[in-house]
Amino acid sequence: MEAQPESQHVSWSAWDWIVLAIGTGLFTGMIPPRVATFSTLLGIPLAMGLSNALGWAAYVPILVVLWVIGIPICGRSAQLLAKKDPREVTYDEFVTLPLVYFLVPEFSLRIIIAGFTLHRIFDILKPFGIRRLERVGGGLGIMMDDIAASLIAFVVMRLLFVYQIL
C-alpha cells in the first residue's frame, strides 16, 4: 500500500479565529466593495466611547495601547489570509480614526462626517510619503500608514476648528 501524502489543509485554532475577527473589524473587512470604509465606521463609536467614558486625559494613551496591540493582530491576520497587506485586515482603520476626533468639542453629525471623510481621504491618498511606511511590512507596516494618515487628518481637523470652519 502506498503512503498517502499529507494534506495541505491547515486548521486554525480558536485563537486564530478570534484574531481574524478582530483584525477584520468583526469581519466587516470582508464586505465588498469598499471594505475599509465599512470597517472605519467602527471607529466612530470607539471615539465617542473613549471621550465620554474616560475623558481626554486617557484618550490618547488608550489609543496608543490599541495601536500597539494592533501590530500583532494585523500581522497575524495577514498571515492567516496569506497576504502581505490584505484589504480585509481593517483593524488599523477603525482604531486610528478616533485620533481625528481628539479634543473635538462635540460629536455632531457634521463633525463626525468631516473627521470620517478626512481620515478616508488621507488613508486613500497617503500623501507626504505615508505610502513608504507600508514597506516596513508586517503588522507594524499595516498600522503605521494609518496612524500617519490619521495624524494628518487630526491636524487638518484642528485647523478647521481654529479657523471656525467647523
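The values are calculated or read from the model by the stated rules, or taken from the named source; none is laboratory data. If you're wondering where the values come from, they're calculated on a predicted model, not measured in any experiment. Glycine gets a Cβ as well: all are built from the backbone with ideal geometry, and neighbour counts include every protein chain shown. Surface areas here come from the heavy atoms of the whole protein model, side chains and all, with no ligands, DNA or RNA. Shrake-Rupley method; radii C 1.70, N 1.55, O 1.52, S 1.80 Å.
Evaluate the following for Val104: is it part of a loop (DSSP other than H, G, I, E, B), open to solvent by less than 20 Å² (accessible area, probe 1.4 Å), touching a Gly at 6+ places or on another chain (Cβ under 8 Å) and closer than 25 Å to Ser11 by Cβ? Outline the logic, then answer.
Numbers: part of a loop (DSSP other than H, G, I, E, B): yes; open to solvent by less than 20 Å² (accessible area, probe 1.4 Å): yes; touching a Gly at 6+ places or on another chain (Cβ under 8 Å): yes; closer than 25 Å to Ser11 by Cβ: no.
No: the conditions fail for Val104.
Check whether at least one residue in the range 68-75 is over 28 Å from Leu166 (Cβ atoms), in contact with a Gly (Cβ under 8 Å, 6 or more places away or on another chain) and modelled with pLDDT under 95, and report yes or no. Looking for residues that are over 28 Å from Leu166 (Cβ atoms), in contact with a Gly (Cβ under 8 Å, 6 or more places away or on another chain) and modelled with pLDDT under 95, one finds none in the range 68-75, hence no. Note on the range 111-146: residues that are in a helix (DSSP H, G or I) and farther than 15 Å from Ala47 by Cβ total 20.
Scanning the range 79-89 turns up at least one residue that is outside any helix (DSSP H, G or I), in contact (Cβ under 8 Å) with a residue 60 or more places away in the chain and under 14 Å from the mean Cα position of the chain (by Cα). Of all residues in the range 114-137, none satisfies being under 15 Å from the mean Cα position of the chain (by Cα), surrounded by 22 or more Cβ atoms within 10 Å (Cβ to Cβ), under 13 Å from Gly23 (Cβ atoms) and acidic (Asp, Glu).
Among the residues examined, Ile73 does not qualify as open to solvent by less than 60 Å² (accessible area, probe 1.4 Å) and over 24 Å from Gly137 (Cα atoms). For the range 19-70, taking the residues that are outside any helix (DSSP H, G or I) and in contact with a Ser or Thr (Cβ under 7 Å, 6 or more places away or on another chain), the one that is most open to solvent (accessible area, probe 1.4 Å) is identified as Leu42. Contact annotation: residue pairs with Cβ atoms under 8 Å, 6 or more positions apart or on different chains, pairing a residue in the range 34-61 that is free of Cβ contacts under 8 Å to residues at least 24 places away in the same chain with a partner that is hydrophobic (A, V, I, L, M, F, W, C) and open to solvent by less than 50 Å² (accessible area, probe 1.4 Å), are Ala58/Leu50.
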